[in-house]
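Working notes, beginning with the structure itself.
What follows is calculated from the coordinates using simple rules that are stated; it is not laboratory data. On a predicted model such as this, the values are computed, not experimentally measured, just so you know. Backbone-built Cβ (ideal geometry, glycine too); neighbour counts: all protein chains shown.
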Amino acid sequence: MGTSVQVTPLSGAYGEGPLCYLLAVDGFRFLLDCGWTDLCDPSHLQPLAKVAPTIDAVLLSHADTMHLGALPYAMKHLGLSAPVYATEPVFRLGILTLYDYFISRRQVSDFDLFTLDDIDAAFQNVVRLKYSQNHLLNDKGEGIVIAPHVAGHDLGGTVWKITKDGEDVVYAVDFNHRKERHLNGTALGSFVRPAVLITDAYNALNNHVYKRQQDQDFIDALVKVLTGGGSVLLPIDTAGRVLEILLILEQYWAQRHLIYPIYFLTNVSTSTVDYVKSFLEWMNDSISKSFEHTRDNAFLLKCVTQIINKDELEKLGDAPKVVLASMASLEVGFSHDIFVDMANEAKNLVLFTEKGQFGTLARMLQVDPPPKAVKVTMSKRIPLVGDELKAYEEEQERIKKEEALKASLNKEEEKKASLGSNAKASDPMVIDASTSRKPSNAGSKFGGNVDILIDGFVPPSSSVAPMFPFFENTSEWDDFGEVINPEDYLMKQEEMDNTLMPGAGDGMDSMLDEGSARLLLDSTPSKVISNEMTVQVKCSLAYMDFEGRSDGRSVKSVIAHVAPLKLVLVHGSAEATEHLKMHCSKNSDLHVYAPQIEETIDVTSDLCAYKVQLSEKLMSNVISKKLGEHEIAWVDAEVGKTDDKLTLLPPSSTPAAHKSVLVGDLKLADFKQFLANKGLRDFLQVEFAGGALRCGEYITLRKIGDAGQKGSTGSQQIVIEGPLCEDYYKIQRVRVGVDGKENKRIQSRAGLRLQGRGMSLACGLPLLECVYCLGCARWAWKRCLHSGDRDSATWGLASADDFAPVPRLCRLIMANYDHHPCHPLDARCVVRRRTYADTRGRVTPYLLYLDHPNSDIVLALRGLNLARETDYALLLDNRLGKRRFHGGYVHNGLLRAAAWVLDAECDLLRDLLADHPDYTLTFTGHSLGAGIAAMLTVVVLLNLDKLGTNLHRSRIRCYAMAPARCMSLNLAIRYADVINSVVLQDDFLPRTATPLEDIFKSILCLPCLLCIRCLRDTCIPEDAMLKDPRRLYAPGRIYHIVERKMFRCGRYPPVVKTAVPVDGRFEHIVLSCNATMDHAIIWIEREAQKALDLMLEKEKTMEVPSEQRMERNESLQREHVEEHKAALRRAVTLSVPDARSPSAYGTFGEQPERSESFPPVSAMARQRMSWNDLIERVFDRDESGHIVLRSSPSP
């Protein structure tokens, strides 16, 4: 049967109270967190008091009072005595949090719920674990494994995974999926299909703003108040989320060179920062790597001053400052007092970074609208003087006398009891068995101890015995000597660890600041005085969410990704809990539970698992085979019982033969080795080519199946492609394993079939040779006289303003290369640079660059790297005619790469666009990178909402340098207003419509390929090419740089021509010595710069006035729009598949996938329709009599 799992919320269910839950796994009872609010109301712990003595283990997830605040009280008053498990940061920072809270309470009240000693005792036996460390429980918890994982909420924050019999129970509350300045995102996304997931609904109704924008608003709000002469109070926790805020302030203060002082004020502020400096390995990767390379510790705070009392603040008076003070609830602590001081000034600001706890002053101030006045209690501890001091001393003296008298009476009673026990022994030589003690192990850890009686006396129980016992160490011995107990040495090791690492028992000496320790150790008699007062709230109040929790959208996404069998929702308002419960129930097949406080739910898995033992006799007959690091074997057995345990025994009858089973992923390399073992390689050449296995001259083996499902075996198989020949049947026999007779029948049928085919081929060979010769002659006549400048002979000239970005973007592309020759970039403007190691082969390296002089955000991708197999795999993953996208066909590999880039850089691009609302967003690339840039532009235009609400199509553009053909003709024309392709003279890649794998397979015989390809293109009519929806083209508007002409030697001053062609769109390969050289990015940059310089020089020579230049630019823009619309209309006229009429915005409207410019007609109807009928059906005449395309054609 499945592992029994029950969950009982003790607090924090259908509400935002402290977190405390009881989890029972096969009878072993876990206490998940032990939180308490800052109000410290013992009545809130009544559910915990009922079960505290029965708890077997406590798991702490975060180092704040909402997760561990009640731990000292529960251990002192409620009988909680179970071991506690936590990470090292939660252990250290949790103690500091409770110390700070206790001192804050002690300063304003006679707080007696727990003491510092109670805090030390509670953390004395904490077991500290590292992330992903599996810890096996013993005794009652045998078989249960617990492991902490990254939560991402605060330093050391934990997602607990509890495993029993292969079933996982995951406790994940307050997790954060986003990477922050000092923390990595949560590891919860790595879990798949746990049996139970316990998570919170705290943020189910909230959605975060963009982090960069939030940080900017946060700093702007502070600077605005400081420049106005005011001060800012940030109520914060002791050692949790305050660390992220400290780094934000430190970074922005250093960048902007701000001089306003920042104070971090808690009772343990210096200790907190000191401990955090030693926890770098628990932080994100960038902090760890920075410390490894430069020894730069992120928490060596230069702009933040740590203080432990208000004396430093009082010295500044009303000077502008930022104060981070505990506690966040404003109930007690420094934040409470500073709020009272600052609330009366309108120039000040109290900025809350987390939602206040219910019933606290902070929550009261966060309501909308905030109160204009609040009542607060001001308390202060002052020393006793005069009569009060005298009365206190007299009372203490009286107490001392009473304690001394009580001690003396107890001593007399013990003496009388001792004498009475001695009088009972009539004969001192007689040993009374009833009074003799059993051997005790208290004297030594090794062996047992035996009482030795001297002079016949039996050692009495009192301390006044006339004789004392002597303990003899009687150790056990065997043939090899004294028996050693390993546990004794393990205990010694633990003691050594405790001496080397200061723990909770070190108390105030290691945890508290000197001033705080002095305050607590001060024995001067004192009292607390309190008075209620009304505070007028004139200061500004603001709330910004820096709690570090995933928002509702992310929580839903994570739950859907993890896909637990059963989901338990806790810790959230009733509205948020019900919302998330309904969402998960509606959109998935999860079993969703949302229990009330003290309601026990059974979430036992429906799976059945049984433990069985393998008998020795059975294992002796098992034959294992090596598979990587493991061994596998078939086991045929019968289930029986031995000593009331299920046991697998050898079968009583002979089992049936086993079929072949594929274990792991199917690999062609293994099949190649299999063919070699069968001896086929002796007479058949087997090698890899284009992702397939070539066997001889004619046969190809391919693996087909769903590559996305790792480890999937059912849908994977090897397919044999090629003609029915001798090699085909040899490989088929090995693959399928047919018998000899069947082989002969197959061979005989194949021989007859091949013989018939040979006769037909022999008859048609002369005719084939004639056709081939005529085709070659026609091709030689047309192609040898064709040059690159003829492709753009009828195009118009490009303007300098339109072509100006090209050389600059070429230089940005070259910056991605390891050794680019010139034009170094401004490193301060490089926002992000991705290498092959970062992309893991999913896309070529790229960089994000802020081009401030041109108000441009540029994402530039490098071209194909001939030394990288991943680039070839990306380029060859074209799936011609199979990858349909947005009403057309696209290159599959380039589309996947573009989607990966957008997914990786979406947040950063969104923040950059929000920070620079006047900048344009430009995607550019070369060769392979140009195709990715073009597809990325299309994907972005279809997902504008992901990059911000104020992003318009006019802010996005793309320049593809020497692009590979990546989209069908309708898409290439549709996005011509955004995408621009740049082609240098005779470049071969934008003209190559053949499947790209054929180019690289024939790289050693490229002339043969070009000859065959050109011959094939010669025989295909151009209108057939245009009507082929699967044929791919270079995208968008084309800029053609022409520098050579037919029958002329050398290079001429380059001229740039541009158009949005429909037919004649670089359809013919140019047989030129420069076909590959013109593809190089360095030549494109040089010739583009030359062409731009000539354009600018020409404009300068003509001395065009600025007003005319502006009018000329506006007219060029109108011409481009009209040219684009004309291309769209021509595409419709030429019956380009999926072509549609332009919308009012100069591009295609968002229409259904199958909608056309005019309703589809059947093949017979098209044959009967005349040309005049078609014109009347598609076009109208305007007032001037011109033919225009009908916007909504008649049926």
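Numbers at a glance
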| item | result |
| --- | --- |
| Peptides ranked, highest mean first, by Cβ atoms within 10 Å: ranges 407-417, 167-177, 241-251, 553-563 | 167-177, 241-251, 553-563, 407-417 |
| Shape of segment 215-383, Cα gyration tensor, a/c cut at 1.5 | prolate |
| Segment 5-44: C-alpha gyration tensor shape, a/c 1.5 cut-off, then a/b vs b/c | prolate |
| Segment residue 305-residue 221, extension gain: residue separation times 0.36 nm, minus the distance between their alpha carbons | 28.2 nm |
| Sites residue 835 and residue 1093, calculated FRET efficiency, Cβ-Cβ separation with R0 30 Å, nearest 0.05 | 0.35 |
| Estimated inter-spin distance, residue 647 and residue 478, nm [label 7 Å along Cα→Cβ] | 2.5 |
| Shape call, segment 116-211: gyration tensor on alpha carbons, a/c limit 1.5 | oblate |
| Nearest-0.05 FRET efficiency for residue 596 and residue 636, computed from C-beta distance (R0 45 Å) | 0.30 |
| Point-to-point label distance, residue 943-residue 404, nm (Cα→Cβ direction, 7 Å offset) | 8.2 |
| Calculated SAXS-style log₁₀ I(q)/I(0) at q = 0.13, 0.22, 0.23 Å⁻¹ - segment 73-165, Debye, Cα scatterers | -0.55, -1.13, -1.18 |
| Residue 256 paired with residue 952, simple spin-label distance in nm, labels 7 Å along Cα-to-beta-carbon | 3.0 |
| Segment 167-257, relative contact order in percent, only Cα pairs under 8 angstrom and at least six apart counted | 29 |
| Cα convex hull of segment 180-292, projected area averaged across orientations, nm² | 10.2 |
| Segment residue 869-residue 382, extension gain: residue separation times 0.36 nm, minus the distance between their alpha carbons | 167.7 nm |
| Order by protection proxy (mean Cβ within 10 Å, highest first), peptides 385-391, 375-381, 255-261 | 375-381, 255-261, 385-391 |
| Pairwise FRET efficiency - residue 557 versus residue 1030, Cβ, R0 = 30 Å, nearest 0.05 | 0.30 |
| Dipole moment magnitude, nearest 20 debye, segment 215-383 about Cα centre, only Lys, Arg, Asp, Glu C-beta charged | 400 |
| Peptides 18-26, 183-191 ordered by average Cβ neighbours within 10 Å, highest first | 18-26, 183-191 |
| Stretch gain in nm, segment residue 828-residue 132, where the contour uses 0.36 nm per residue and the Cα spacing is subtracted | 246.8 nm |
| Positive dipole terminus of segment 215-383, leading residue within 273, 346, 216 (C-beta point charges) | 346 |
